[in-house]
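Since the structure comes first, as structure tokens, the remarks are kept for the end.
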Amino acid sequence: MEAFFISTAIVALAEMGDKTQLLALVLAARFRKPWPIVLGILVATLVNHGLAGAVGAWVTTFLGPQVLRWILGASFIAMAIWMLIPDKLDEGEADGSPRWGVFGTTVVAFFLAEMGDKTQIATVMLAAKYNAYLWVVAGTTLGMMLANAPVVWLGERITRKVPIRAVHLVSAAIFLVLGLLAIFSSAA
């Protein structure tokens, strides 16, 4: 359960102000159909984080505990630094006509926007750290939904009231602590 709760919290915090959250806002403003957008976010996240979790679980099969400990520690510390860099929606990510409808457009846009994103990389690292694939994917998916679904329904009102900089600082601190714990924990 620790893997689930940590994964949920980290991704929910990391997602605040992230480009996929901005994408959710753009899609909500453009299409004004919250249910297909939220379901599209869920499907895209399950597929994307399922693949990322599988990569994280796979990495543990060929890296020894000492090497994995140092890689995970350095990766978490790098994520802490990355959290301090504001994210912007790339131009054109939500442009074009909805060829596949609102749901299909959301699935494709979110899946592509998550490729190489902080939350996808965090999913890889968390799956490698906890060796609990299903709990990590369930937690990271819930974290994405907690951060993005309210944006779809409540839009800009939320993003104006949430102190994004403070959320990024808290996320960076959590990643830093996880990195230091990974490096300095015993490899028993």
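The values are calculated or read from the model by the stated rules, or taken from the named source; none is laboratory data. None of these values were measured; they are calculated from a predicted model. All Cβ positions, even for glycine, are placed from backbone atoms using ideal geometry, and neighbour counts span all protein chains on display. Calculation scope for accessible area: heavy atoms of the full protein, side chains included, ligands and nucleic acids excluded. Shrake-Rupley method; radii C 1.70, N 1.55, O 1.52, S 1.80 Å.
Roughly to the nearest percent, how much of the accessible area of the stretch 1-187 is carbon and sulfur, given a 1.4 Å probe? Write down the numbers at each step before the final one.
Values: 6540 of 9140 Å².
On the stretch 1-187, the fraction of accessible area on carbon and sulfur atoms equals 72 percent.
Say R0 is 45 Å: what FRET efficiency, to the nearest 0.05, do F184 and M115 get from their beta-carbon distance?
Details: r = 32 Å, r/R0 = 0.71.
Between F184 and M115 the formula returns 0.90.
Calculate, for the stretch 1-187, the solvent-accessible area per residue in square angstrom, rolling a 1.4 angstrom probe over the heavy atoms of the protein chains. Could the numbers behind the result be given before it?
Working: 9140 Å² over 187 residues.
Per-residue value: 49 Å².
Once label points are set 7 Å from the Cα along Cα→Cβ at both V177 and I85, what is their separation, rounded to one decimal in nm?
Reported label-point gap for V177 and I85 is 2.5 nm.
If you take the C-alpha gyration tensor of the stretch 1-187, multiply each eigenvalue by 5 and take the square root, what semi-axes do you get, largest first, in whole Å? Could the numbers behind the result be given before it?
On the way: eigenvalues 172, 62, 33 Å².
Equivalent ellipsoid of the stretch 1-187: 29, 18, 13 Å, largest first.
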